[in-house]
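Following: one structure in structure tokens, then a few remarks.
The values are calculated or read from the model by the stated rules, or taken from the named source; none is laboratory data. Note that the structure is predicted; figures quoted are calculated from it, not measured. Here the Cβ is made from the backbone with ideal geometry for all residues, glycine too, and neighbour counts use every protein chain on show.
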Amino acid sequence: MEIIAGLGAGFLEVFQPMNMFVMVIGLVLGMLVAVLPGLTLVMGVVLALPFTYSMGLLPSIILLTAMYVSGTYGGAFTSILFRIPGEPIDVPLLWDGYAMARKGRPAKALGWTLCAALGGGLISATVMVFLSHPVAKFALTLSSPEYFAILIFGMASVVSLGGGSISNAFISLFLGLLIATVGVDSIYGTERFAFGVPFLQDGIEYLLVMVGAYGLGEVFQRLEKGFRGEEKLMGADQEIVTEFPTASEIGQLKGTFFRSSILGIIVGIIPGAGATIASFVAYGAESQYGKRRKEMGSGIAEGIVAPQTAATSSVGGALIPLLTMGIPGSGATAIILGAFLLHGVQPGPQIFVSSGPMVYAIFASLFVSIIGMCILGYFAIKPLVKVLDMPEPVVSAFVVMFCFIGAFAARNNLSDLYVITAFGILGYLFDKFKFPIAPLVLGSILGPLAESSFMTMMVSENNDWTVLIARPVSATVMVLAVIALVYPIHRQLRERRATRANKP
């Protein structure tokens, strides 16, 4: 009853005019930042932080949290409609979301995304309210070995998405990891693979790899076909409507909703993991263990629901260790932690005693933000789907423009425009020669995180790598990673034997 009473008082506080105003501003800004490639969610939250200096603590946290929630969903628009992931979070979403849009059902794909964001968000918010204390205490026992094991599991899961060739998927992943090593080593300060080129010393941003390979690569493919390879998605006389899934369709995917929500919450709780890893892991799990795993990537609802549900549910998971232990669960929550400290409040176990009403107001704001995000997304679907009525060359020109704007905005460096063009060509070649792009992008995103956690583990454990199998949690996750690698190989070999046996 104490929790319900505290949550009720929190809702009353959230519905104060000032708090509602900053929440709406946060939802709109988060969605805009996520839609524009190159401006990451974390970057958007960082840019908003200075504007909270003159605000009270609660409005500041509501603003940043609303941006965080909305940012996990906003990139769905560009991913599904244009194959440009606004965030690394949205990379798994486009594999089936874009495929469904190309089949003439962009509004249905966005409807599934909206339902997934709503379901995953509400489930994680509920878990955050009722299980914050015990779950945060468990997360406190995890350290760099567990985090490294989870990263390995995430990469192993996506390697299985290589389609017809797992070896091509490995090549793609290792190339992504190689790209991630370019620049100056963060541990020893050693220059690697920069070859004396100044801008390479700062490393290659994963945004350039992601936006170039997916966005420009897609335009190059269409250019080769003379923009005649595929029909228009929406006819001029076709009414644009929002297609929400029916109750029976949602019921058929209840297992996907449940699995992905739990995965998102668990990964969100792990310090430093965040929504990106959650979406990749959830998609990988669905592609291996889902009922329609063989159809993943062809434009089915499971491929949309799994990553989006996990990404949104990771928000509540990441806020649990932040509020109860003062440990940020993601990059965005690290900025929110900074907002707490700027206002003289240290999150931790004592915050429920010293600032209980404020904590429950933050809990309530998450519920309201999720619902507000979905309302905003509902009204944004129709005009965005209408954009697809434009001639394909015009749409492609806008795609190129936004790709270059996003690439330049990342570091204000003209050299990045050449880099993104190179990765656009690489993405085109990958698609032409049947190499999956997803492991390439995943390696460039997770490579630095995996290296950092591995080096931290080796330094803290006196170069004893066996700690990975000595600690129960990390050992369990590593076993799951091995299974994630071996199982698809075994399944592929079994299918080949069955095919040979059936040949006359």
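For residue 209, the conditions (1) among the β-branched types (Val, Ile, Thr); (2) surrounded by 19 or more Cβ atoms within 10 Å (Cβ to Cβ); (3) modelled with pLDDT of 85 or more are fulfilled apart from (3). Of all residues in the stretch 79-96, those that are surrounded by fewer than 24 Cβ atoms within 10 Å (Cβ to Cβ) and among the charged types (D, E, K, R) have Cβ atoms under 7 Å from Cβ atoms of residues that are at pLDDT below 80 and assigned to a helix (DSSP H, G or I), 6 or more apart or on another chain, in 83/214; 83/215; 83/218. Screening the stretch 262-377 for helices (runs of 4 or more DSSP H) wholly inside it with 3 or more residues that are modelled with pLDDT of 85 or more and closer than 30 Å to residue 440 by Cα returns the ranges 274-289, 302-325. Among the residues of the stretch 445-462, not a single one is over 22 Å from the mean Cα position of the chain (by Cα), loosely packed, with under 15 Cβ neighbours inside 10 Å, of a type outside the set (S, T, N, Q) and in a loop (DSSP other than H, G, I, E, B). Kindly list the number of the only condition in (1) at pLDDT below 80; (2) buried (at least 24 other Cβ atoms within 10 Å of the Cβ) that fails for residue 237. Checking residue 237 against (1) at pLDDT below 80; (2) buried (at least 24 other Cβ atoms within 10 Å of the Cβ), the one that fails is (2). Is there a residue in the stretch 166-177 that is crowded, with 21+ Cβ neighbours inside 10 Å, modelled with pLDDT under 85, of a type in the set (Val, Ile, Thr) and within 24 Å of the chain's Cα centre (by Cα)? Among the residues of the stretch 166-177, not one is crowded, with 21+ Cβ neighbours inside 10 Å, modelled with pLDDT under 85, of a type in the set (Val, Ile, Thr) and within 24 Å of the chain's Cα centre (by Cα), which makes the answer no. Quick one: in the stretch 73-116, which of the residues that are among the basic types (Lys, Arg) and in a helix (DSSP H, G or I) is nearest to residue 176 (Cα to Cα)? The residue in question is 102.
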